[in-house]
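Trainee: Before we start, here is the structure in question, set down as structure tokens.
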There are 2 protein chains.
Amino acid sequence: MNALIILAHGSRRKESNLEIKKLAEKVKTLAESDYSVVDYAYLEIAEPNLLYCIDKTVEKGMTEITVLPYFLNSGIHVERDIPAIIETATEKHPDCKFKVSSCIGMSEEMPAMILERAKL
Amino acid sequence: MNALIILAHGSRRKESNLEIKKLAEKVKTLAESDYSVVDYAYLEIAEPNLLYCIDKTVEKGMTEITVLPYFLNSGIHVERDIPAIIETATEKHPDCKFKVSSCIGMSEEMPAMILERAKL
């Protein structure tokens, strides 16, 4: 039973956080049977935070959790903060397998997406 | 003669800013004849800033400039700061036509890109 957690930075602006919630809903629809659970969390400022979201996901019986950093750059958050949280989560849930993908900005399709978006 | 400027937030981390430079190079290759100029700028912290980049682009003879906000959320930067800079640029270069696209996070293909990236 595997889960996907979309991890965004988190904003003081409610609408921005709501955009992440809506995005996760779209991903869930598109994922179909790929993941039993698709959820979202924020690294800072907003709630739910990642560790809380992981606890909740494990409680649902998930044994594999993929965290996708919804960040454009591989900065300190991606390279230091997220691995630190995953380390804590691994100690807390030793029977669950964790994977952190590279951040969304690393997508090879990004240049094409930029050109597409620039037309609109 | 039209140009595309990819506008990122800008980081204290040199490597993150370099990622934007490399991304712009990839977009330029992919764009082929769509844009005579593909360049990049930062909203804060790093240089070149947007207004400087626009000045330079106009000097190259560009008459249409599209600015693509390379942001995941439509926050204050996207909704207030960028339009304010474009207003200044429009006053400075009245013969140039400016367009600001919606931010990259609004792309309809984003949910699919998330699922793709999560696999890696």
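The values are calculated or read from the model by the stated rules, or taken from the named source; none is laboratory data. Every value quoted in this text rests on a predicted model; they were computed, and no experiment measured them. Methodologically, a virtual Cβ is constructed for each residue, glycine included, from the backbone with ideal geometry; neighbour enumeration extends over all protein chains shown. Accessible surface areas use protein heavy atoms only, side chains included; no ligands, DNA or RNA. Shrake-Rupley method; radii C 1.70, N 1.55, O 1.52, S 1.80 Å.
Trainee: Would you mind giving the mean number of other chain beta-carbons within 10 Å of the Cβ of each residue in A:12-23, as a whole number?
Mentor: 3
Trainee: What longest region of chain A stays clear of GluC sites (Glu not before Pro) that DSSP places outside H, G, I, E and B and that have at most 16 other Cβ atoms within 10 Å?
Mentor: The reported range is A:45-107.
Trainee: From the gyration tensor of the Cα coordinates in chain A, what semi-axes in whole Å does the equivalent ellipsoid have, largest first, with each one equal to sqrt(5λ)?
Mentor: After scaling each eigenvalue by five and taking roots: 24, 16, 15 Å.
Trainee: Moving on to the next point. So if R0 is 35 Å, what FRET efficiency would residue A:88 and residue B:84 give, r being the distance between their Cβ atoms, rounded to the nearest 0.05?
Mentor: 0.25
Trainee: Suppose all protein chains stay in the model; what accessible area per residue would a 1.4 Å probe give for chain A, in Å²?
Mentor: That works out to 51 Å² per residue.
Trainee: Expected output is a single nm value to one decimal: the length gained when fully extending between residue A:99 and residue A:76, i.e. 0.36 nm times separation in residues minus the C-alpha distance. What is it? Could the numbers behind the result be given before it?
Mentor: Working: separation 23, 0.36 × 23 = 8.28 nm, distance 1.81 nm.
Between residue A:99 and residue A:76, full extension yields 6.5 nm more.
Trainee: Okay, next question. Which whole-number percent is the relative contact order of chain A (Cα, under 8 Å, 6+ apart)?
Mentor: The normalised contact order for chain A reaches 29 percent.
Trainee: In addition: Compute and list, largest first, the equivalent-ellipsoid semi-axes of the protein assembly as shown from the alpha carbon gyration tensor, each √(5λ) rounded to a whole angstrom.
Mentor: In descending order the semi-axes read 36, 17, 15 Å.
Trainee: With each run of n ≥ 4 DSSP H residues scored as -39500 (n - 2.57), what mean residue ellipticity at 222 nm is computed for the protein assembly as shown after dividing by its residue count and rounding to the nearest 500 deg cm²/dmol?
Mentor: Details: 8 runs with 96 residues, N = 240.
When only DSSP H runs of four or more count, the value is -12500 deg cm²/dmol.
Trainee: Ok, one more. If you fit an axis through the alpha-carbon atoms of helix A:50-59 and take the longest principal axis of the Cα set of chain A, what angle between them do you get, 0 to 90°, nearest 10?
Mentor: On a 0 to 90 degree scale, this one is about 50.
Trainee: Roughly how crowded by other chains is peptide A:1-10, in terms of the mean Cβ count from those chains within 10 Å of each of its Cβ atoms?
Mentor: 1
Trainee: Taking the 0 to 90 degree range and rounding to the nearest ten, how far is the long axis of helix B:14-31 tilted relative to the main principal axis of chain B, both from C-alpha atoms?
Mentor: Relative to chain B, helix B:14-31 is tipped by roughly 80 degrees.
Trainee: Still on this model: Let me know the longest stretch in chain B that avoids all trypsin sites (Lys or Arg not before Pro) found in a DSSP loop with at most 13 other C-beta atoms within 10 Å.
Mentor: B:61-118
Trainee: Let me ask something else. Take residue A:1 and residue A:59, extend 7 Å from each Cα along the Cα→Cβ direction, and tell me the distance between the two endpoints in nm.
Mentor: Label at residue A:1, label at residue A:59, 1.3 nm between them.
Trainee: For the range A:60-67, in order, what is each residue's ³J(HN,Hα) by Karplus, 6.51 cos²θ - 1.76 cosθ + 1.60 with θ = phi - 60°, in whole Hz (x at glycine and Pro)?
Mentor: My calculation for the range A:60-67 gives 7, x, 6, 10, 9, 10, 9, 9 Hz in order.
Trainee: Considering only C-alpha atoms, what is the centroid distance from the range A:63-80 to the range B:1-54, in Å?
Mentor: Using only Cα atoms, the two centres lie 23 Å from each other.
Trainee: Right, another one. Once R0 is set to 22 Å, what does the formula 1/(1 + (r/R0)^6) return for the Cβ-Cβ distance between residue A:44 and residue A:112, expressed as a FRET efficiency to the nearest 0.05?
Mentor: 0.15
Trainee: Now for a separate question. On C-alpha positions alone, give me the angle between the axis of helix A:82-92 and the longest principal axis of chain A, in degrees, nearest 10.
Mentor: Relative to chain A, helix A:82-92 is tipped by roughly 20 degrees.
Trainee: Show the residues, 5+ positions off or on another chain, whose built amide H is closer than 5 Å to the amide H of residue B:49.
Mentor: The list, which skips near neighbours in sequence, is B:42.
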